[in-house]
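Participant: Could you have a look at this structure, given as structure tokens, before my questions?
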Amino acid sequence: MSILNRRRFLAISATALAVPTGVAASAHVARWTGYALGGPVSMQLVGVAQPDADLIFTRVEAELDRLEDIFSLYRDNSELSRLNRFGALVDPSAEFLHVLSACASLHAASKGQFDPTVQPLWLAIANDADDDTIAAAKALVGWSNVTFDANQIRLPTGGALTLNGIAQGAVTDRIAALLRGQGLQDVLVDMGEIAALGQGPNGPWSIGVAKTDGTLVHRLTATDRAIATSVPTAMEIGDTEGHILSPTGGAPVQALVSVSAPTAMIADGLSTALCLVDDATGKKIVAAFPDAKIEVMTSV
């Protein structure tokens, strides 16, 4: 199972159902479900008849395939897989560079807690490695050792990235932008994180945040806003670790974090980073990103 697949399981479980408020029986709401990024994905288009929407959904499927060729850890020839395998990637896509720039901002704002270079440590713990192997993996963690520009991305020898915790948000934003480009204004996109554009048939979109057992803990309405939720203990790696790790392998201190923001990429990254910090620190981190908001933050 890929790391993105593990993250996708969490998003489906923790973000609950997103449904239009008070849908009128006569309203056109075209729906699509598919499979991408290691799990089920979905969209709702308000005011579009299903036959017309099917043409749009075909374009979305093609775009998702293109984006998986950039960000997927389970496609051997994706940009991310090639970077991790060879330690360098020449002529990276604009989408990859955009995500890495966001990673740099999140790393700085979180004082290093958000660190995509934890991939070697994640794998060592997941594979129940011995103490020496885990110590060696910890030595490979360090965002400052990653360099990137329009020509090349380079990792230190033995290093690797996971974009789990931000890539799904970035993909959500890209699909939302594609739909806007088709002239659509009232759309709900769930690619592991949620982008609520415009409104549902009779008002703002209603988003539920729930525990992995389905217990609803928060509900919000959203218009032109993105929501991401992380539950680090929803899946364990190794014997006892939650799947979200600090750069030193430390356990999360939050049991559930849900963040809303203007973009799903930032909401995704913040919900991941905030799992690793206390409430006061989390508020300071979120304050660095305009119009981002903690919706739920529940300590372990």
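Participant: Report the number of Lys pairs in the chain whose alpha-carbons are under 17 Å apart, with separation of 8 or more residues or on distinct chains. Write down the numbers at each step before the final one.
Facilitator: On the way: K111/K283; K111/K284; K283/K293; K284/K293.
Lysine pair count for the chain: 4.
Participant: Kindly express, to the nearest 10 degrees and within the range 0 to 90, the angle between helix 50-71's C-alpha long axis and the longest C-alpha principal axis of the chain.
Facilitator: It is inclined by approximately 10 degrees.
Participant: Tell me the net charge near R66. Cut-off is 14 Å between Cβ atoms, R66 excluded, with +1 for each Lys or Arg and -1 for each Asp or Glu.
Facilitator: -4
Participant: Once you list every other residue whose beta carbon is under 9 Å from the beta carbon of L178, what net charge do they have if Lys and Arg are +1 and Asp and Glu are -1?
Facilitator: Charge balance near L178 sits at +2.
Participant: Rounded if a/c is under 1.5, else prolate if a/b beats b/c, else oblate: with a ≥ b ≥ c from the C-alpha gyration tensor eigenvalues square-rooted, which is the stretch 64-129?
Facilitator: oblate
Participant: Return T58, T157, T221 ranked ascending by Cβ neighbour count within 10 Å, so the fewest neighbours appear first.
Facilitator: Placing the least packed residue first, the sequence is T157, T58, T221.
Participant: Pop the C-beta distance of A88 and V217 into the FRET formula with R0 = 35 Å and round what comes out to the nearest 0.05.
Facilitator: So the FRET efficiency works out to roughly 0.20.
Participant: Name the residue, out of V90, V46, V29, whose mean-square fluctuation peaks in a Gaussian network model built on the chain with Cα pairs under 10 Å.
Facilitator: In this elastic network of the chain, the residue with the biggest mean-square fluctuation among V90, V46, V29 is V90.
Participant: Helix 167-181 versus the longest principal axis of the chain: what is the Cα-based angle in degrees, 0 to 90, to the nearest 10?
Facilitator: Helix 167-181 sits roughly 30 degrees off the main axis of the chain.
Participant: Using a 10 Å cut-off on Cβ atoms, rank the peptides 225-233, 32-40 from the highest mean neighbour count down.
Facilitator: For the peptides 225-233, 32-40, the packing ranking is 225-233, 32-40.
Participant: Now for a separate question. So how do M191, M43 line up by other beta-carbon neighbours within 10 Å, fewest first?
Facilitator: Taking fewest neighbouring Cβ atoms as first place, the list is M43, M191.
Participant: Provide the packing ranking of 107-117, 260-270, i.e. peptides ordered by the mean count of other C-beta atoms within 10 Å per residue, highest first.
Facilitator: Working: 107-117: 20.8, 260-270: 27.5.
Highest mean packing first, the order is 260-270, 107-117.
Participant: At 7 Å along Cα-to-Cβ for each site, give me the label-to-label distance between N151 and R66 in nm.
Facilitator: Roughly 2.6 nm, to one decimal.
Where a number appears in this text, it was derived from the coordinates with a stated rule and is not lab data. Small disclaimer: the values here were computed from a predicted structure and weren't measured. Every residue, glycine as well, gets a Cβ built from its backbone with ideal geometry; the counts of neighbours run over all protein chains shown.
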